[in-house]
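Heads up, the thing below is written out as structure tokens.
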Amino acid sequence: MGLNLSTVVSDRHSSNGATDNVAIETRGLHIYYGAFKAIHDVSLKIKSREITAIIGPSGCGKSTILRAFNRMNDFVSGARAEGEILMHGRNLYAPEVDPVEVRRRIGMVFQKPNPFPKSIYENISWGARINGFRGNKGDLDALVERSLRGAALWEEVKDKLNQSGYSLSGGQQQRLCIARTIAISPEIILMDEPCSALDPIATLKIEELMQELKKDYTIIIVTHNMQQAARVSDRTAMMMLYEGTRAGTVIEFDDTNTIFTRPKDKRTEDYVSGRFG
Amino acid sequence: MSAHTPGGLPEGQAATENLRGRHRFGLAWQAWFLLATCIGIIGLTALLYNIVDRAFGYMAYEDKVAVATVSDRPLDELSQPELVAILQKKISKGAFNKLDKEQPFTSRSRDDVYALVVERVIQRKVVETWSLTESLTNRAKIEAELAEDHPQATLEFRSWLTVGFLTNPMSSQAEYAGVRTAILGSLWLIAITILIALPIGVGAAIYLQEYADHGTWINRIIETNIYNLAGVPSIVYGILGLAIFVRALEAFSSGALFGVTDSNGRTIISAAMTMALLILPLIIVNAQEAIKAVPDSLRQAAYGLGATKWQTIWSHVLPNALPGILTGSILAVSRAIGETAPLIVIGASTFITVDPDGLFSKFTALPIQIYNWTSRPQGEFRNIAAAAILVLLLMLLTLNATAIGLRNRFSRRLY
């Protein structure tokens, strides 16, 4: 019996867009890779239709947390999670939850643009088709256009939908990956350093796009770039290694403004002011 | 002032010398690589020369019955009915009727009847053959030899690889022998081998690479052993095939279960299953490498869209691994085409004049024919063996070209 997330998705649109609406929440999350503990006791409430940034020095488990949200860590052999990740009150790590369904509701954009070696059209339509898209060719065409428009890519590629996704520039490829993700209408989009392989202009385009996307989607972004976190995010989670261990934990989670101007934690202040990391 | 600081990098003159030394070192290696390539090319050229040298050249033949005693005109000028008439007159009634029964004379071609007249009436025998090199460079010596040894013989330049050679069935005389049954046998064998080995091999590779947990010792042992199996001598597979497919499963491999009554277990299906077993490790290892080479980012992208494992494998892993899988399979199948030892062990026929017509028919194959002919004492059999090798090489080349073309089409479609 799978987790029926689709019924609650429709609630989302009738929830009056209340800003304190929680999209996803972790409670006492610990993550292990075999004997190695990677994440120690993380509890976060991610609000709906906001951009939440996760920042912190290298190797403190930012990506590990991100990948825990859509259960991508399941593919790492020996990885296991303790605690809960709740979405609409259901624990995503409960035994009856099918991770495939989780990933369909929580999309992901990766660090390096990774379009499929297929046409632009197929890059978008594949996700819909494998998830049982019902409709004729016209419906699928409409979905492809809607998704590409949603990712601000339509004008650039509308005349070459049959060309390979690899014929695009790096920034376009990354927006194609975003378009591919929104084509399956997820609730949450996870972004794992989506701009780290892009030049500043392409980065700017993605950042502008994120502001558009947050009207419809909850976005969680991991970034190395503190300016980026400050520019795009509404809330920021600061991660550090937990006292004398190699497991990462969230030391401070607040409005981005607060984190960057009046952090409560001394370590956060040192980090965001560039004194280390 | 020293040329370089102790424990540091060389400067000035020392640096120049160091650089020159490194370039010299590189050049020495480059020379070795060039030499290695040349040795390879020389080896291949020698191989081809050796084969072509035997496949063409002068041959001398003697007629037991002079053409003049049979016909007042040269045989070449006679029409089909005239040739049939000669045949009817000169061979026994029983033999004539037997030939007529095999295929009525009315439906036989002129060339066919001509060959029969030469074989049965004139009883032409090859008395000596010469290699292409000798034929081209030393005609005088050949003629002198011939005048001394076989004054009656006629000298003729002959290509042993002819259309007739491709379309004739086996014969006990080299001049009339062909490889039709062997070509058909080889084609059947290869087709069935591919049909058996490819799905099993690729299936196993997918399981081992995508599903099996590499951490467990049992899977590691399985993988290591598959690698080792790829190196087991082919004759061992032949013995296995003989014991299992030919003997133990005779009811199946002879076709008795399916109502075929005229064969034993030494059939195409037995040979194909043996060959499939032989190339299975190669296909698995190569396919596994190809699947391993598919970037993980593609799998992640697919999973991230809510694809199941099977959807990911089918839509992304397999299409991207396909060129590599095909390359590996081409190598494996090429090996199977030329494999002789297992076929000898499981008992492929060496002399067969009937075309194979199904899974359960007796058969022969090109390598078997070649092996058989090279071990005959008469010189002319080595000539047709060379011609058969050319056929085998051509067949290999055609199959490989097809597979490579197919592969390139797949890879173009992807990127």
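The values are calculated or read from the model by the stated rules, or taken from the named source; none is laboratory data. Just so it is clear, the structure is predicted and the values come from calculations on it, not from any experiment. Reconstructed Cβ throughout: ideal geometry from the backbone, glycine too, with neighbour counts over all protein chains shown.
Give the residues of the range A:194-214 that are buried (at least 21 other Cβ atoms within 10 Å of the Cβ) and within 14 Å of another protein chain (Cβ to nearest Cβ), sorted by residue number. If the condition is that a residue be buried (at least 21 other Cβ atoms within 10 Å of the Cβ) and within 14 Å of another protein chain (Cβ to nearest Cβ), then A:PRO194 is the only one that fits.
Looking only at the range B:346-373, which residues are surrounded by fewer than 21 Cβ atoms within 10 Å (Cβ to Cβ) and either at pLDDT 90 or above or of a type in the set (Lys, Arg) (or both)? Answer for the range B:346-373, where residues must be surrounded by fewer than 21 Cβ atoms within 10 Å (Cβ to Cβ) and either at pLDDT 90 or above or of a type in the set (Lys, Arg) (or both): B:LYS362, B:TYR371.
The condition (being in a helix (DSSP H, G or I) and of a type in the set (A, V, I, L, M)) is satisfied by just one residue among B:ALA15, B:ALA60: B:ALA15. Regarding the range A:193-201, can at least one residue be identified that is assigned to a helix (DSSP H, G or I), on the phi < 0 side of the Ramachandran plot and either modelled with pLDDT under 95 or among the acidic types (Asp, Glu) (or both)? The answer is yes, given that some residue of the range A:193-201 is assigned to a helix (DSSP H, G or I), on the phi < 0 side of the Ramachandran plot and either modelled with pLDDT under 95 or among the acidic types (Asp, Glu) (or both). Counting only residues that are farther than 16 Å from A:ARG180 by Cα and within 11 Å of another protein chain (Cβ to nearest Cβ), which one in the range A:77-117 is modelled with the lowest pLDDT? Applying the filter and picking the extreme gives A:SER77. Selection over the range B:153-194 of residues that are more than 19 Å from B:PRO342 (Cα to Cα) and among the hydrophobic types (A, V, I, L, M, F, W, C) gives a count of 12.
Regarding B:ILE142, is this residue more than 21 Å from B:GLN80 (Cβ to Cβ) and either assigned by TED's automatic domain parsing to the domain that holds B:PHE351 or touching a Leu at 6+ places or on another chain (Cβ under 9 Å) (or both)? When the stated conditions are applied, B:ILE142 passes them.
For the range A:80-123, filtering for residues that are more than 16 Å from the chain's Cα centre (by Cα), of a type in the set (Phe, Trp, Tyr) and under 30 Å from A:ASP199 (Cα atoms) leaves 2. Please indicate, with yes or no, whether at least one residue in the range A:125-142 is under 30 Å from A:HIS88 (Cα atoms), more than 9 Å from chain B (Cβ to nearest Cβ) and among the acidic types (Asp, Glu). Yes: the range A:125-142 contains one or more residues that are under 30 Å from A:HIS88 (Cα atoms), more than 9 Å from chain B (Cβ to nearest Cβ) and among the acidic types (Asp, Glu).
Here the range A:161-188 is the region considered, the condition is being touching a strand residue (DSSP E or B) at 6+ places or on another chain (Cβ under 8 Å), in a loop (DSSP other than H, G, I, E, B) and hydrophobic (A, V, I, L, M, F, W, C), and the residue that is farthest from the other protein chains (Cβ to nearest Cβ) is A:LEU161. Could you go through the range B:288-311 and let me know if any residue there is of a type in the set (Ser, Thr, Tyr) and either assigned to a loop (DSSP other than H, G, I, E, B) or farther than 30 Å from A:ASP192 by Cα (or both). Yes: the range B:288-311 contains one or more residues that are of a type in the set (Ser, Thr, Tyr) and either assigned to a loop (DSSP other than H, G, I, E, B) or farther than 30 Å from A:ASP192 by Cα (or both).
Applying the criterion of being assigned to a helix (DSSP H, G or I) and under 27 Å from B:ALA144 (Cβ atoms) to the residues of the range B:63-90, the residue that is nearest to the chain's Cα centre (by Cα) is B:VAL67. Here is a check on your reading of the model: is A:THR268 in a strand (DSSP E or B), in contact (Cβ under 8 Å) with a residue 12 or more places away in the chain, closer than 12 Å to A:GLY56 by Cα and of a type in the set (Val, Ile, Thr)? It is false that A:THR268 is in a strand (DSSP E or B), in contact (Cβ under 8 Å) with a residue 12 or more places away in the chain, closer than 12 Å to A:GLY56 by Cα and of a type in the set (Val, Ile, Thr). Of all residues in the range B:245-261, those satisfying the criterion of being surrounded by fewer than 17 Cβ atoms within 10 Å (Cβ to Cβ), hydrophobic (A, V, I, L, M, F, W, C) and part of a helix (DSSP H, G or I) are B:ALA248, B:ALA251, B:ALA256, B:LEU257, B:PHE258. Under the condition of being outside any helix (DSSP H, G or I) and either surrounded by 18 or more Cβ atoms within 10 Å (Cβ to Cβ) or not aliphatic (A, V, I, L, M) (or both), the residues counted in the range B:194-224 number 4. Can you spot a residue in the range B:377-391 that is modelled with pLDDT under 90, of a type outside the set (Val, Ile, Thr), outside any helix (DSSP H, G or I) and over 14 Å from the mean Cα position of the chain (by Cα)? Scanning the range B:377-391, I find at least one residue that is modelled with pLDDT under 90, of a type outside the set (Val, Ile, Thr), outside any helix (DSSP H, G or I) and over 14 Å from the mean Cα position of the chain (by Cα), so the answer is yes.
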